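Taking it in order: structure first as structure tokens, then the write-up.
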Amino acid sequence: MTTTTTKINLLGSSQTDLEKFLVARSEKPFRARQIMQWIYQRDIDDFDEMTDLSKSLRTQLKEEAEIASPKVQAKYESKDGCVKWLFSSGLGQAVETVFIPESDRGTLCISSQVGCALDCSFCATGAQGFNRNLSSAEIIGQVRYAIRDLPRRSNGEPAVTNVVFMGMGEPLANYRNVVSVLEILVSDWSYGISRRRVTVSTSGIVPHINKLADDCNVALAVSLHAPTDDLRDQIVPINKLHPIKTLLEACWQYAEKRSRRFITFEYVMLRDVNDSIKQANQLVSLLKGKPAKVNLIPFNPFPGTEFKRSSVESIRHFQSRLRERGLIATTRKTRGDDIDAACGQLAGKVSDRVKKPLGRKIIAPKISSGKANQDKGIRTPSV
Ligand code: SAH
Ligand code: SF4
């Protein structure tokens, strides 16, 4: 629950927080469920229209509360059907949200932070630096806006059937707000999306993976990107804090708590950095026999990066090796790149508030040296 000027924004409040708000005003907790249905299922912003609430409660809500959604600055439509919206997050900042339609589903890729402090060297968001966490209203507001804006599916259902936290930011570094949003997404009083259709993607904040398993065990995707600590330290700096062994232990525990449902391991294919057959074999050793599937992501370039996308051939060989050795492996289709909406291309508008040298060049590490990018250090995410 966030306050703007004097009013409390009920958008993004978890059911528990809404119940507390109502009980503090001598109302019955079940009113929270009614309000959630109005906000998310009927898409109503005006308390006067919430006709199953008493007149006096409506009047009180109007005085004390509001339903304030983030504002859209721009909308872009890709020739492959993807849609990208730029949401204002105040003071010249903006974040991006992408809709990816497929025949059997519609996936909304949402942002959780303005920028990202984790500084993975191949990521446009990381290169922008970090400004702040998004509020739960700003996160669920992306979903609500997209559902309102997009035409319904042919079966009359909302266009958005799946939600992935793969936009800007590290969701597990904005833990509390992200968990409130997860609860809303899966709630029967709101969108009622199955936990299997909601995915949190993380670069590996281990303590919060453990906590998420208890708080709201939705599907988990982990940005692995390297099979050894030496390399991962260089391209995913949070690895220095939570190395691969610790990360994978947390993953297997998470899977146990979800009846051994598979964890997706994302692996961005960077030419001559992490795409050799030797590295495919190393990846097999890490994941074989575990509830794991690998999703290879062809690297999407952005201005200033020195990384290059692996060739189609080497992605194919890498994937074949994983499959021959018994892993489930797929390659993600690049979508929306004509509107800079593909994975890792989301930059929004971020003014960095974390110390970062201006105009830093993004340099691809030399695998052999183990020294590149050492100047970057690790920024512990704000939680
Ligand atoms: N912070 C979270 C979620 C956002 S990034 C995370 O790191 O998992 C979503 C996915 O896009 C991650 O797997 C991320 O590593 C990947 N990605 C980042 N930059 C990319 C790029 N330039 N090309 C392809 N994928 C990229
Ligand atoms: Fe942040 Fe994810 Fe980009 Fe890494 S890949 S910088 S964690 S958004």
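The values are calculated or read from the model by the stated rules, or taken from the named source; none is laboratory data. In this text the structure is predicted, and so the values were computed from the model without any measurement. Virtual Cβ from ideal backbone geometry, glycine too; neighbours counted across all protein chains shown.
A few notes on this one:
- Residue match in region 227-244 (condition: over 17 Å from the mean Cα position of the chain (by Cα), of a type in the set (V, I, T) and within 12 Å of ligand 2 (Cβ to nearest atom)): yes
- Flag for A347 being within 16 Å of ligand 2 (Cβ to nearest atom), hydrophobic (A, V, I, L, M, F, W, C), free of Cβ contacts under 8 Å to residues at least 60 places away in the same chain and not in a helix (DSSP H, G or I): no
- Of all the criteria given as (1) within 26 Å of F307 (Cα to Cα); (2) free of Cβ contacts under 8 Å to residues at least 60 places away in the same chain; (3) among the hydroxyl-bearing types (S, T, Y), the one not satisfied by S194 is (1).
- Of all residues in region 201-222, at least one satisfies being outside any loop (DSSP other than H, G, I, E, B), within 16 Å of ligand 2 (Cβ to nearest atom) and over 18 Å from T264 (Cβ atoms).
- Candidate set: region 245-272, residues that are in a loop (DSSP other than H, G, I, E, B) and within 21 Å of the chain's Cα centre (by Cα); chosen: the one modelled with the lowest pLDDT: R258
- Subset of region 295-341 that is over 23 Å from Q234 (Cα atoms) and small (G, A, S) - its residue that is farthest from ligand 2 (Cβ to nearest atom): G326
- Cβ-Cβ under 7 Å pairs, at least 6 apart or on other chains, region 214-230 side touching a residue at least 60 places away in the same chain (Cβ under 8 Å), far side away from ligand 2 (no atom under 16 Å from the Cβ): D230/G370
- Candidates in region 143-195 are the residues that are among the aliphatic types (A, V, I, L, M) and assigned to a loop (DSSP other than H, G, I, E, B); of these, the one that is nearest to L86 (Cα to Cα) is M168.
- Strands (runs of 3 or more DSSP E) wholly inside region 37-132 containing at least 2 residues that are within 16 Å of ligand 2 (Cβ to nearest atom): 94-102, 113-115
- Residue in region 104-120 that is nearest to A347 (Cα to Cα), counting only those that are among the hydroxyl-bearing types (S, T, Y) and crowded, with 24+ Cβ neighbours inside 10 Å: S111
- Candidates V236, V222, V206, V200, filtered to the one that is surrounded by 23 or more Cβ atoms within 10 Å (Cβ to Cβ) and more than 27 Å from S13 (Cβ to Cβ): V236
- All of (1) buried (at least 23 other Cβ atoms within 10 Å of the Cβ); (2) over 26 Å from D214 (Cβ atoms); (3) small (G, A, S); (4) within 16 Å of ligand 1 (Cβ to nearest atom) hold for G141 with one exception: (4).
- Answer residue from region 147-171, given it is aliphatic (A, V, I, L, M) and touching a residue at least 60 places away in the same chain (Cβ under 8 Å) and is surrounded by the fewest Cβ atoms within 10 Å (Cβ to Cβ) among those: L150
- Filtered residues of region 83-118 (kept if free of Cβ contacts under 8 Å to residues at least 12 places away in the same chain and of a type in the set (S, T, N, Q)): S103
- Residue that is surrounded by the most Cβ atoms within 10 Å (Cβ to Cβ), among those in region 121-138 that are of a type in the set (S, T, N, Q) and within 21 Å of I238 (Cα to Cα): T125
Residue by residue, here is whether (1) touching a Gly at 6+ places or on another chain (Cβ under 7 Å); (2) within 15 Å of ligand 1 (Cβ to nearest atom); (3) closer than 30 Å to G81 by Cα; (4) not assigned by TED's automatic domain parsing to the domain that holds R271 holds:
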site: P291; (1), (2), (3), (4): no, no, no, no
site: K308; (1), (2), (3), (4): no, yes, yes, no
site: L322; (1), (2), (3), (4): no, no, no, no
site: I328; (1), (2), (3), (4): no, no, yes, no
site: T334; (1), (2), (3), (4): no, yes, yes, no
site: A342; (1), (2), (3), (4): yes, yes, yes, no
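- Every pair of residues 6+ apart whose Cβ atoms lie under 8 Å, when the first sits in region 236-250 and is farther than 15 Å from S201 by Cβ while the second is away from ligand 1 (no atom under 15 Å from the Cβ) and basic (K, R): P237/K376; L248/K290
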